[in-house]
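Undergrad: One structure, pasted below without further comment.
The values are calculated or read from the model by the stated rules, or taken from the named source; none is laboratory data. Everything quoted here is computed from the prediction, not taken from an experiment. All Cβ positions, glycine included, derive from the backbone under ideal geometry; neighbour counts span all protein chains shown.
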């Protein structure tokens, strides 16, 4: 869903997001619909800058831009404040900077190709939230398609060094 949908003031209720509309349509057609709500463990902290730079390169970013991003991720440190005490600087080699303007955009670039693995299922990626869903007249077919797509998506996330948080990843059946 485009972020503009969330930001625009509206005097009346907005239309349902596309994923909800697709689910409602499947139910109206008396079809089964199943969805997996995927939660990634420490998603923004797990971005591998080398993979991200490769993604930016494949998108056609100039060598100067790639050098800038390489520098942006190099020699980063952070401090932790706990109980009023500030730690010394700690080296950070992974992740996009929390709270940065570029962080969410860089994360979106990082995971964008995951959508290619969805197969027969539909997928919605929004920051670190992923919803994978499919519908059809047969429950067995729906669950089989969803499992196949989920396995492929999970493999894609692993290739990006992103791990699913199993306790927060949920499957839901709509009918």
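Undergrad: All but one of (1) under 13 Å from residue 160 (Cβ atoms); (2) surrounded by 14 or more Cβ atoms within 10 Å (Cβ to Cβ); (3) not assigned by TED's automatic domain parsing to the domain that holds residue 161 hold for residue 41; state the number of the condition that does not hold.
TA: It fails just one condition, (3).
Undergrad: Another question about this same structure. Any residue in segment 49-61 that is outside any helix (DSSP H, G or I), free of Cβ contacts under 8 Å to residues at least 60 places away in the same chain and in contact with a helix residue (DSSP H, G or I) (Cβ under 8 Å, 6 or more places away or on another chain)?
TA: Yes, that holds for at least one residue.
Undergrad: So, in segment 92-107, of the ones that are surrounded by 14 or more Cβ atoms within 10 Å (Cβ to Cβ) and within 21 Å of residue 58 (Cβ to Cβ), which residue ends up farthest from the chain's Cα centre (by Cα)?
TA: 94
Undergrad: Which one is surrounded by the most Cβ atoms within 10 Å (Cβ to Cβ) among residues in segment 120-165 that are more than 15 Å from the chain's Cα centre (by Cα) and not in a helix (DSSP H, G or I)?
TA: My answer is 134.
Undergrad: Taking the options 45, 39, name whichever one is under 17 Å from residue 104 (Cα atoms) and assigned to a strand (DSSP E or B).
TA: Exactly one of 45, 39 is under 17 Å from residue 104 (Cα atoms) and assigned to a strand (DSSP E or B), namely 39.
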